[in-house]
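*Asks:* Dropping a structure here in structure tokens format, bear with me for questions.
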Amino acid sequence: MTLSLPRTSRFAGLALALVYTTLSFGVATSSTPLAAQGGPYYTATLAQPADDNRAVAGGVAWNCAGTTCVANKGTSRPSRVCRGLAREFGEIVSFTADGEALAEDKLSRCNGN
């Protein structure tokens, strides 16, 4: 009497372990965090259309189309991110972080006023 599993059961167990490991590793190393998959964290409206459609400003990567620019969440405060974007593209008409608009006085400081 042997205590080992049949060859097909060993293969199935190995295959299941390999699939589990691959999925776990894929989730841990995915390029987009789960929190960022719902859409952009920052949205800015520029006074003039952007010349470049992609740029890194304020510590985040921006994608622009016309006067609208969007980006995922960065590590800096929204006002700092806004200021970096204003230095790169010029005057910003509106700036939103996580659905909340930047206050008028902070937007004025963002534009250097």
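Any read-out appearing in this document is the output of simple, stated calculations on the displayed coordinates, not a laboratory observation. Remember, it's a predicted structure, so these values are computed and weren't measured experimentally. All Cβ positions, glycine included, derive from the backbone under ideal geometry; neighbour counts span all protein chains shown.
*Asks:* Enumerate the pairs (first residue in the range 84-113 and more than 15 Å from Lys73 (Cβ to Cβ); second residue anywhere and outside any helix (DSSP H, G or I) and among the acidic types (Asp, Glu)) with beta-carbon separation below 6 Å, excluding pairs fewer than 6 apart on the same chain, so at least 6 apart or on different chains.
*Replies:* Listed pairs, sorted by first residue: Asn111/Glu91.
*Asks:* Here's something else I'd like to know. So, Gly84, is that one over 18 Å from Asn111 (Cα atoms) and either in contact with a Gly (Cβ under 8 Å, 6 or more places away or on another chain) or surrounded by 19 or more Cβ atoms within 10 Å (Cβ to Cβ) (or both) or not?
*Replies:* When the stated conditions are applied, Gly84 does not pass them.
*Asks:* In the range 87-113, which residues are among the acidic types (Asp, Glu) and loosely packed, with under 12 Cβ neighbours inside 10 Å?
*Replies:* Asp98, Glu100, Glu104, Asp105
*Asks:* If you don't mind, there's one more thing I want to ask. Only one of Arg87, Arg83, Arg77 is over 16 Å from Gly39 (Cβ atoms) and in contact with a Cys (Cβ under 8 Å, 6 or more places away or on another chain); which?
*Replies:* Just one listed residue meets the conditions, Arg83.
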